[in-house]
Structures are given as structure tokens and as C-alpha cells.
Amino acid sequence: MSSPLSVPPRPELAVPPRPRFKLLGRRIGGPRSLWAWPLLLSLVFVAGVLAWMIRSDADDREARRAELITDALTLESQLSGALDVETARLKALADDMGAHRITPDAFARHALVLDGLRRFWVSVTWVNAQGRIVAQVPDDALPPNAPLRAGNSERGIAGHLSVALPNRGGLLIARYSSVNLLRQRVPWWLARKYDVRLVDTSDDIIASTVDGERAFDQLWYRKAMGPSMAQGWLELASRERLVPWWRTLPMALMGGFLLLVAGASWMLRRQMLAVERAEEAWRTEAAWRTAMEDSLAVGLRARDLEGRLVYVNKTMADMLGYQPEELIGVMPPMPYWLPDEIDQSMRRHLRNMAGQAPREGYESRWQHRDGHVLEVMIFEARLVDAQGRHIGWMASVLNITERKRLEERERRQADTMAHHSRLTMLGEVASTLAHELNQPLSAITSYNAGVLNALQRHAEPDPLLLGALQRLGEQAAHAGRIVKRIREFLTRREPQREQGDINQIVRAAVDLQRRDMTRHGVSLALQLDSSLPPVLVDPILIEQVAANLVRNACDALGTKPGVRLLQVMTALAPDGRFVKVQVSDNGPGLGGQTIETLCAPFFSTKAEGMGMGLAICRSIVELHYGALDAEEAPGGGAVFSFTVPCWQENDHHDSGHHDSDELAGDDEPTSQKGSP
């Protein structure tokens, strides 16, 4: 019968709290719990060590128990074998006694009896068939210190072996010392390792290699003895005491380790709280700085010593049409440099990298992402780190495009005012000339009338002379009307609009330029629409406009080799409310100029021009609610056209009288490309 090992109870392990982690980049638990990670990991490590120690302790106990059982079985086998040997010797003695008639005296001196007493027999008793003692060695009458009674001095309970005597009846009983049995049969190494005891069924100690009871914390095992000791048990108790795992040195080391980690975690928590407060202050400061930078209208950029952009604020990125991330890390040439100024920009960049940028700043031209040009003012400064080392360059960038535009507009306004001043002066001069020319023209008209009257009093006047004088009078009167209308135009009076035939007005304008067309060898093509409705115009002013356009076309064709074609046509405008007059030629064209440029005051393409012809023509057409336009001809040349309103039944106009004595000056011819 065996007994289970005595194993101390296991204490319950405290389950460490589960740490909180980041899941898919999303914070769980927040940064305030990060300081506890070393402590939590240490607890996990200690828990693993404790589990290993518990498992190792259990494995050690199982191994020692298996070894104890093995040693107990081996020792029990040796003791049982020794008792069996003694039983065999006792049986040999009984057989010898049965074969020979041995007297009680010879029994006491028998060699087998004496040999057994020298080993561990305490006594040998011969009992006859009637149960009476025939002989006993040693005799109870011997003194205690007699040689034959030496085995009786040992403490402990004695055992006995018995065999039957053959042929004579009776028993042969041998008492032996259990203590001597253990001393003689238990190996020394086993006696040093275990406490060996023989106990009975009542747990009374029969024999033992040590004094005292077994300790409660000893590892022990019992094995029933063989038939030679039917009521006995062999007990082995390990002398090596079992130390619980929680009382070992590793546990003390683990406890110290946890204390150190807890202290370090507490200090780490304080440090993290300080860092968190500093980081919060830094974030607040950074937010303030970002807000201030974003509220500025000044662009900021930082470059390292190699010229690489390491920082740009949002103002500069928006100024150029990029995102800040698109510009950071870019090396020269920069994407915002003008393509046709790459070399100049690179030289300026190398100058700035050498620290030679003007302290008062410098102007540059950059290109927006959409292609338009920016005018910027740049101020460069050294960029240093916290240790005072020069690590790059910081620049402030001002967008001065609007300022440049305003300056240009002011310059143009000044030029325009100068032009207006010159135009006013010219108007005053023209008005003065018209006033001064009125008397000479009146005199010419009077003299012409007198000469006609004198010639008509002759009986046979010369028809050619009369015709010439009549045409002279008509031209003088026409010149007077022209000067009068010009004076009214310069004094900003309303034109004297009346119902008229646009084809007749155009023919009159062309007839005035017949001589120029003949002189320049120009071929004229008239395409006048006879179905046009009447127009509401001042015939003299509109005639001057048409004549000026024809004269400009003749001047332009005068420098062209080959065939010189001039086409004048009239047609109804698409809206049906205006009539369009178009003068086209196959000359050199407009040269890229627009109608705005050609009609600008004092702009002319001719060396002798004044630059006022087309400007006056445009003003006259606009006073009639029409429009003057110019474009390149499809086959080469220029096409000038203007529109005048058609006559409506409800139109009212003034049919003022034109006095021949209200004369003014003549209009100076102008060029189709612009008048001087």
C-alpha cells in the first residue's frame, strides 16, 4: 500500500491587467497609459517565470517521488531477500536437526546457530510438538553481558522466523533484531539520503535508522514487506527538505525586479506627464504660430544649404497655386521659375546661397501654376538652429503684382492725361484755325460770285471758265460746311442728323478721292446695295468718315507692288437696324494692331501723320450710335467697316441751314493705318 506525496498547496497567481493597444492605427486607451507598458510587460514576464517555476517544481517533485519509489522498491526487495536467506538458513538448521539426533547442549553449540547470532539473530528457540521449549540460545538465565546475549542489547522490536522440524515435530523459531537488519542491509548511500523505518500497521516504529518521528514537510513513501514480515511496512523519508517555490531565491529576485520596475514606471509616468504638458504647450504654440503664419499676407520659405525647400507656409503655396507638400523637398530649378529666365534665376539662386543677397531685398518674376506671371519682392536671411549653426536660408516673399499693376495703371493714366491735354490743345488750335479761316473762305466765295456775275454780263462768256468758277464756288461752300460741322463737333454739339441715302454719301466720299486713286493706280470696285433703307446721319460727317477710310486705303496701297485693289460696299447689317459700310484692300494689312490701338489718340503708322484721323472717325461713328471695326482680310490686306442707324418713321431731326459764310478749316488727310 502506497501513500501520495505530501505537496504544499499552490498560491493563486494574480492576473495582470490587460494592456490597451492601438488597433489599425487608432488609439485605444490614449497616451496616458503608455507609461504602464513596461510594468505590464514585466508582470507578464514574471507571470511566465512563475508558471515555469511552478511547472519545474512539480516536475522536480514528480522526479524525486519516482526516485523515492524506485529506491523503496529496491530496498524492500533487498530486505525481503535477506529475510528469505535467513529463513533458508533456519530451514537448513531444522533439516540438520531432523537428520541427526541433536541434544539441547549440541544445539546451543551448533555452527548455524552461532553464525546466526553473530549476524542479527537475537535468539533461536527449539519448541517440541507439545509446544514446550526444548532449548533456547542464548539462555534467559545468562547474564545480560554474556557473549550469547549481545544481540538483545539493541533497541527496537524484534521480528521472528519459524520453520517446522522434519521427522521430529515441533518448530524452530529465530528472533532477529530489526535494527541490525536495517544497519546491515541498508546501503550507506541510501542511509545518508533517506530516513529508513520499519513500521507496523498501527504506525508504530519497529526499527529506524534515525531517532524521532518523520517531519511533516518530508517527502516519504511506504512499501509493504514481503511474507517474511507480513505485518510490516518499509518507509523511506527524504532527508532533503522540499522548499516551496515561493520561498526560493528566484522569487525574491522577481519581487525585487517588480519593485524596481514599479519605481521606474512611476518615474516614467512623471516624466511622460511632464513631456505631455510640454508637448501640449508646444502644440498650443505651434497652433498660434500656424494661425499667425496663415493670417499673414507674406509668403515664407526655408531652404537648406543645398537649396532644397524644407518649409513653405500656406500663403506662399497659395501664391504659387501649389500645396505645401508639393513644394517641400524640391531642388532647383524650381517649378515656379519662368522657363525663359531659368539661367538668370539660377545665377540669382547661387548668389543667394553664397550669402550675397541684397539686405534691402530684390525683385523677381515667378510663374503661377496656371501660367500667369507674378511680381514678387524677396528678403533673404540666415537660418540658424538652436545651437547657433547656420543650416540654411529663410526668405519672406511679398506679392507685388497688384502694386506693379497699379503703378502701370497710374503711368498709363498719366500718359492718357498727357494725350488728352494734347488733344484739348489740338482742339483749341483747330477751333482757332476754323475761326481764322472763316474770313478768307468768305472772301473767296464773294470774289468768286463777283467774277461769275461779271462774266455772265458778257455776250459770249467762256463755258469752261464759267464751269470752273461754278465748281470753285461749290467747293468753297462745301469747305465752309465742313469747317462748320468740325467746329460743332469740337464744341461737343449734337450732329445735325437727317434722313439720307447712304449710297449717295459713299459715292460723294469716293469722288473726293478719285484723284488719289488715280495717282496710286488703285482699281476701285463699288458694290452698293440699291435696296438699302434711308439712314439717319449727318451726311457731311459720315462722308468725311468714308472719305478718310478710302484715303487711308489708298495710302496703304501706294507702297504695295503689283495689283492694287480697293473695294467699297454697303449692306444691311444682320440685325436689320443698321447699315454697314465696308472698305477693304489687298495691302499690307494691320500688322497685328487692334482697333483700340489704331484709334488711340496720336497713334500713327505714317511719318507725317498726327494720329487723330481714326480717333475722330470713331468719335463721329459713336455719336451716331454705330461702331467702327477693323480686321485682317482673309486673302491679305485690311478691312475697315462702320455702321450707322437706319431711318425710322418716328425719328425726329433738325434740318438746320448751312450758311456759306460760316466756314471753318479743312480736315487733314489721315492714313488707314492710323493718322498722325
| In whole Hz, what ³J(HN,Hα) sequence does region 561-576 give by Karplus (6.51, -1.76, 1.60; θ = phi - 60°), x for Gly and Pro? | x, x, 5, 10, 10, 10, 10, 10, 9, 10, 7, 7, 5, x, 7, x
| message | Give me, ordered by chain and number, the residues 5 or more places off residue 239 or on other chains with an amide H under 5 Å from its own placed amide H. | response | 194, 195
| query | Sequence-distant or interchain residues sharing an amide H contact under 5 Å with residue 248, placed H: which? | reply | none
| task | Would you please put 342-354, 582-594 in order of how densely packed they are, using the mean number of other Cβ atoms within 10 angstrom per residue and starting with the highest? | result | 582-594, 342-354
| query | Efficiency by 1/(1 + (r/R0)^6): what FRET value for residue 56 and residue 183, r their Cβ-Cβ distance, R0 = 35 Å, to the nearest 0.05? | reply | 0.40
| note | The ³J(HN,Hα) series, computed from each phi in region 386-399 with the Karplus coefficients 6.51, -1.76 and 1.60 at θ = phi - 60°, rounded to the nearest Hz and given as x for glycine or proline, is 5, 8, x, 7, 6, 10, x, 9, 10, 10, 9, 10, 10, 8
| message | Give me, ordered by chain and number, the residues 5 or more places off residue 165 or on other chains with an amide H under 5 Å from its own placed amide H. | response | 170, 171, 172
| said: How charged is the neighbourhood of residue 401? Take every other residue with its Cβ under 14 Å from the Cβ of residue 401, and add Lys/Arg as +1 and Asp/Glu as -1. | reply: -2
| said: Report the Cα centroid-to-centroid distance between region 117-133 and region 302-379 in angstrom, as an integer. | reply: 126 Å
| query | What is the distance, in nm, between label points placed 7 Å from the Cα along the Cα-to-Cβ direction at residue 291 and at residue 391? | reply | 2.6 nm
| Residue separation times 0.36 nm, minus the C-alpha to C-alpha distance between residue 260 and residue 306: what's the value? | 11.7 nm
| Which of the peptides 548-558, 252-262 is most tightly packed, and how do the rest follow, going by the mean number of other Cβ atoms within 10 Å of each residue? | 548-558, 252-262
| said: What's the ranking of 191-198, 107-114, 243-250 by average number of surrounding C-beta atoms within 10 Å, highest first? | reply: 191-198, 107-114, 243-250
| task | Report the local net charge at residue 573: Lys and Arg +1, Asp and Glu -1, summed over other residues whose C-beta lies under 15 Å from its C-beta. | result | -1
| field | Net charge over other residues, Cβ less than 14 angstrom from the Cβ of residue 503 (K, R count +1; D, E count -1) | value | -2
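Values in this text are rule-based calculations from the coordinates and carry no lab data. What you are looking at is a predicted structure, and each value in this text was computed from that prediction instead of being measured. Every residue, glycine as well, gets a Cβ built from its backbone with ideal geometry; the counts of neighbours run over all protein chains shown.
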